[in-house]
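A.B. asks: Provided herewith is a single structure, encoded as structure tokens, for subsequent inquiry.
The values are calculated or read from the model by the stated rules, or taken from the named source; none is laboratory data. Everything numeric in this text was worked out from a predicted model, so none of it was measured. Cβ atoms come from the backbone with ideal geometry, glycine included; neighbour counts cover every protein chain shown.
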Amino acid sequence: MRPALHCLIPRPAEVTLTEGEFTFTRPLQVSDRLPAIRERLEFFGAKLADDATAVITVAKDKSLPVEGFAITVTSNAIRLTASDEVGEFYAQVALEQLLWIAFAEGTDVAKMQCGTVRDYPRYPMRGLMIDSARHFQSKTVILSVLDMMAKLRLNHLHWHLTDGEGWRFPSLGAPKLNTLDGRQAGCYAAAEIAEITAYAKDRHITIIPELDMPGHSWGLTHLYPELACDSEHPGNELCVGNPKTMEFMLHRLDEMLALFPESKFIHIGGDEAGTGHWEKCPKCQAKIKELGLANERKLEEWFMVTMSRHVLKAGRTPVSWCTSAVMPDGHLFQAWNDVHELMDLAWGTRKNLVLSSLYIPFYMDYPQNAEEPHFNWMTVQTEEMMYDGEPAAHMERELGDRLQGIESPLWTEMVPEWRVKAKFLPRAIAIAEVGWTKHELRDYHDYLRRRLSLESAGYTW
Ligand SMILES: [Zn+2]
């Protein structure tokens with residue numbers, strides 16, 4: 001069997017093996033600050049005692065990078081060190097994986113080879129997106145996704161809460177929105193959102209809620225046709241030239257800000273709006289003239305800049321799928337089309353921060369094999385393709401620290417909630433390693449052996 005330290009996922013920055021082994025067959029003393037480790041050892045039937053000579057401890061070490069940690073195994077001690085609370089959490093997550101390997105052949109022979117792991121992430125942002133608008137997921141499913149993410153040291157869950165098909169956060173000012181798909185349960189209660197947010201926070205995961213506008217809004221414009229360019233034939237886009245639309249959407253944004261007080265990031269959509277309605281709309285055309293704008297795309301940009309400023313004023317970071325690089329300072333751009341878009345957004349008119357979600361190869365709604373239900377325009381994107389994907393498609397050096405990380409979205413047009421985990425696994429494991437481990441340390445076959453070692457030891461995600 002491979003030494004436990006060589007089985008970690010994501011693959012650590014540094015692993016050094018030394019002589020000797022730590023045996024788990026004698027009484028062990030475990031620090032009170034490691035409740036998950038105590039619980040796991042009890043699960044495996046190990047003997048825990050306060051006066052034991054073999055100890056498992058945790059301490060701060062400010063010399064480690066942000067979110068970083070080290071695990072040192074000697075014959076009489078397992079010592080975890082971390083620079084911050086997040087690193088301390090990740091050290092426990094990693095040690096728990098090692099315990100599954102150590103106990104794989106039974107409690108009476110459980111042991112771990114001595115050595116040291118020193119680890120820290122490649123990018124500050126490592127995440128998944130779940131679309132709860134096209135198909136609604138129960139709280140239980142969202143919590144299980146958060147559990148999986150914690151094991152993978154993924155730290156952002158982008159939550160796509162509105163689209164043409166559904167409006168999933170409660171709106172007191174526009175309650176009709178919550179009846180959008182005709183399902184009573186198709187909206188998260190404020191208390192459920194608070195519970196999900198707290199659950200995420202305990203696992204050092206930030207929720208990025210999204211309100212998608214001004215496109216992807218056909219549900220809204222059918223319920224509130226006065227906010228569409230043509231109230232007789234309300235379409236997919238909001239009438240951005242109507243001051244009432246601006247006022248209405250700012251209120252919805254305020255409702256979102258209030259429901260997600262812990263969210264550092266607020267996503268304001270900005271994707272796939274057509275300009276056809278705006279071209280024919282007297283209100284939109286008058287607004288273009290009033291502001292002296294060149295065209296309908298500039299009108300959309302003005303709308304998105306206003307929304308972005310509103311989020312900034314609330315002390316949060318606005319995020320968008322915008323293809324326009326003109327946004328206020330502090331805006332985070334999420335690129336999904338290709339590396340050219342990523343580069344354009346990053347360079348813009350000044351230094352912009354970008355998040356990479358290139359649909360090839362990182363979109364989770366694309367099937368991992370041809371047997372999965374999928375749209376006919378989708379290509380198969382296997383675990384290996386995702387693993388070998390690069391967030392900046394080898395423009396890493398050019399982007400430098402503008403590139404904040406990677407996020408892999410799961411759009412759910414064809415994905416009911418009972419298939420969510422099957423869509424994420426095992427590809428989310430590959431994505432976690434892309435976001436955490438430096439490119440030069442990644443090797444698909446080595447990754448696969450580590451994944452299979454853990455899974456055959458009984459570890460689940
Ligand atoms: Zn209009």
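Yes or no, residue by residue, for (1) at pLDDT below 95; (2) in contact with a strand residue (DSSP E or B) (Cβ under 6 Å, 6 or more places away or on another chain):
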{"residue": "R316", "(1), (2)": "no, yes"}
{"residue": "D329", "(1), (2)": "yes, no"}
{"residue": "Q334", "(1), (2)": "no, yes"}
{"residue": "E341", "(1), (2)": "yes, yes"}
{"residue": "L358", "(1), (2)": "no, no"}
{"residue": "Q381", "(1), (2)": "no, no"}
{"residue": "G400", "(1), (2)": "yes, no"}
{"residue": "Q404", "(1), (2)": "no, yes"}
{"residue": "S408", "(1), (2)": "no, yes"}
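A.B. asks: Checking F303 against (1) assigned to a helix (DSSP H, G or I); (2) free of Cβ contacts under 8 Å to residues at least 60 places away in the same chain; (3) over 16 Å from I208 (Cβ atoms), only one condition comes out false. Which one?
C.D. replies: Here F303 meets the rest and fails (2).
A.B. asks: Return yes or no: is T140 outside any strand (DSSP E or B), within 16 Å of the ligand (Cβ to nearest atom) and not assigned by TED's automatic domain parsing to the domain that holds L95?
C.D. replies: When the stated conditions are applied, T140 does not pass them.
A.B. asks: Then there is this: Report yes if G348 is surrounded by fewer than 17 Cβ atoms within 10 Å (Cβ to Cβ) and closer than 14 Å to R402 by Cβ, otherwise no.
C.D. replies: Here the answer is no, as G348 does not meet what is asked.
A.B. asks: Then there is this: Within region 124-148, which residues are aromatic (F, W, Y) and within 17 Å of F89 (Cα to Cα)?
C.D. replies: None - no residue of region 124-148 is aromatic (F, W, Y) and within 17 Å of F89 (Cα to Cα), so the list stays empty.
A.B. asks: From L332, L293, which residue is of a type outside the set (S, T, N, Q) and over 20 Å from P243 (Cα atoms)?
C.D. replies: The unique qualifying residue is L332.
A.B. asks: Output the qualifying pairs, or none if there are none: Cβ atoms under 8 angstrom, residues six or more apart or on different chains, first residue in region 243-264 and hydroxyl-bearing (S, T, Y), second residue assigned to a helix (DSSP H, G or I).
C.D. replies: That search, which allows pairs on different chains as well, returns T245/L227; S263/T197.
A.B. asks: Evaluate the following for G292: is it more than 11 Å from the ligand (Cβ to nearest atom), on the phi > 0 side of the Ramachandran plot and surrounded by 14 or more Cβ atoms within 10 Å (Cβ to Cβ)?
C.D. replies: Considered against the rule, which asks whether it is more than 11 Å from the ligand (Cβ to nearest atom), on the phi > 0 side of the Ramachandran plot and surrounded by 14 or more Cβ atoms within 10 Å (Cβ to Cβ), G292 comes out as no.
A.B. asks: Has region 186-204 got any residue that is crowded, with 18+ Cβ neighbours inside 10 Å, touching a Cys at 6+ places or on another chain (Cβ under 6 Å) and in the same structural domain as C284 (by TED's automatic domain parsing)?
C.D. replies: no
A.B. asks: Given the condition outside the structural domain of V117 (by TED's automatic domain parsing), over 20 Å from the mean Cα position of the chain (by Cα), closer than 21 Å to M343 by Cβ and surrounded by fewer than 22 Cβ atoms within 10 Å (Cβ to Cβ), answer yes or no: does some residue in region 399-408 qualify?
C.D. replies: Scanning region 399-408, I find at least one residue that is outside the structural domain of V117 (by TED's automatic domain parsing), over 20 Å from the mean Cα position of the chain (by Cα), closer than 21 Å to M343 by Cβ and surrounded by fewer than 22 Cβ atoms within 10 Å (Cβ to Cβ), so the answer is yes.
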